[in-house]
Amino acid sequence: MLTRAASVLVPLFGRLTVTSDLRMRLSSGTIFVANHDSLADPAVVLAALRGLGVEPVVMATAGLWRVPVLGRALAREGHIPVHRRSARAANALDAAAEALLGGRHVLLYGEGGLPDRRDAAPGPPEAFRTGLARLARVSGALVVPVGHAGARRITSGSTAKQVAGVLTAPVRRPHFHVHVGAPQRLPAEARTGTAAARTAVTVAWRTAARALGERDLELRV
């Protein structure tokens, strides 16, 4: 339901284009890791992945499970709540490893939160947490980097600006682009694996941002 809803809603708010370095059918139980810079970007990424035939389980902040209707849908579809900064945080990695073992793809955000920026311009991924690298090591799963740009043209900045962005997006029709990189196997050591994942997502993000006409990327990386 969540992925299908995203694929229906995203075209109403703007224009989505997708490029991909995938050259073969993915094996079951693959990890997708994306940059996270807007409240709108999960919908954009899910819509793009569905267009490629992928409907992953999503690791997301546990607060979403308290939202009426949405919370029930997330639980019913097996998405994974992340209780950040609590003793239950490790449970999310266990649940993700179980989902991968069961053959489901998993989508997560390496940064673990949104950037503290007010502008609507795309920005490179910030520091990654080590959970992704640890999950890849325990599960043995391949990791697919996903870079996106343009979602901040819907929601960014103050609450008032975000509400205005959502309300006006169907008229403005902003352009979003998602680039899906080639699968890779991360180094086993957590710090090295985390750095490799961030580099791969940054390369994918740069491809997506350039598809939107951004040219001064080297200055902001």
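The values are calculated or read from the model by the stated rules, or taken from the named source; none is laboratory data. Remember, it's a predicted structure, so these values are computed and weren't measured experimentally. All Cβ positions, glycine included, derive from the backbone under ideal geometry; neighbour counts span all protein chains shown. Please note that ligands, DNA and RNA were not included when accessible areas were found on the heavy atoms of the full protein model with its side chains. Shrake-Rupley method; radii C 1.70, N 1.55, O 1.52, S 1.80 Å.
From the protein chains alone at 1.4 Å, what is the descending order of accessible area for 70, 132, largest first?
70, 132
Mind checking the dipole of segment 50-113: about its Cα centre, +1 per Lys or Arg Cβ, -1 per Asp or Glu Cβ, Debye to the nearest 20?
Using only the charged Cβ atoms, the result is roughly 240 debye.
Could you size up the charge dipole of the chain around its Cα centre, putting +1 on the beta carbon of Lys and Arg and -1 on that of Asp and Glu, and report it in debye to the nearest 20?
Using only the charged Cβ atoms, the result is roughly 260 debye.
Take the Cα pairs of the chain, get the Kirkwood Rh, then feed it into Stokes-Einstein at 10 °C and 1.306 mPa s and tell me D in µm²/s.
Stokes-Einstein gives a translational diffusion coefficient of 91 µm²/s.
With only Lys, Arg, Asp and Glu charged, each at its Cβ (+1 for the first two, -1 for the last two), find how big the charge dipole of segment 1-124 is about the Cα centre; round to the nearest 20 debye.
That gives a dipole near 280 debye.
Hey, if we sort 116, 41, 94, 21 by accessible area with the 1.4 Å probe, largest down, what's the order?
The ordering from most to least exposed comes out as 116, 94, 21, 41.
If you bin every alpha carbon distance in segment 58-101 into 5 Å steps from zero, what whole percent lands in each bin?
Over segment 58-101, the share of Cα pairs per 5 Å bin runs 5, 25, 30, 23, 14, 2 percent.
Please name whichever of 36, 52, 71 sits farthest to the positive end of the charge dipole of segment 31-85, dipole taken about the Cα centre and charges placed at Cβ: Lys and Arg +1, Asp and Glu -1.
71
Going by Cα centres, segment 57-79 and segment 113-150 are how many Å apart?
If we compute the Cα centre of each part, the gap is 20 Å.
Can you give the helix-only mean residue ellipticity at 222 nm for the chain, where every DSSP H stretch with n ≥ 4 adds -39500 (n - 2.57) and the sum goes over all residues, rounded to the nearest 500 deg cm²/dmol?
It lands at -13000 deg cm²/dmol.
Can you list, largest first and rounded to whole Å, the semi-axes you get for segment 1-117 by taking the square root of 5 times each eigenvalue of its Cα gyration tensor?
So the equivalent ellipsoid measures 22, 18, 15 Å along its semi-axes.
Projected onto the charge dipole of the chain (+1 at Lys/Arg Cβ, -1 at Asp/Glu Cβ, origin at the Cα centre), which of 159, 61, 83 gives the Cα projection farthest towards the positive end?
Checking the options against the dipole of the chain, the answer is 159.
Taking the square root of 5 times each eigenvalue of the Cα gyration tensor, what semi-axes in Å does the equivalent ellipsoid of segment 94-221 have, largest first?
Equivalent ellipsoid semi-axes, largest first: 29, 17, 14 Å.
Express in nm, to one decimal, how much length is gained between residue 24 and residue 199 on full extension, taking 0.36 nm for each residue of separation and deducting their alpha carbon distance.
60.8 nm
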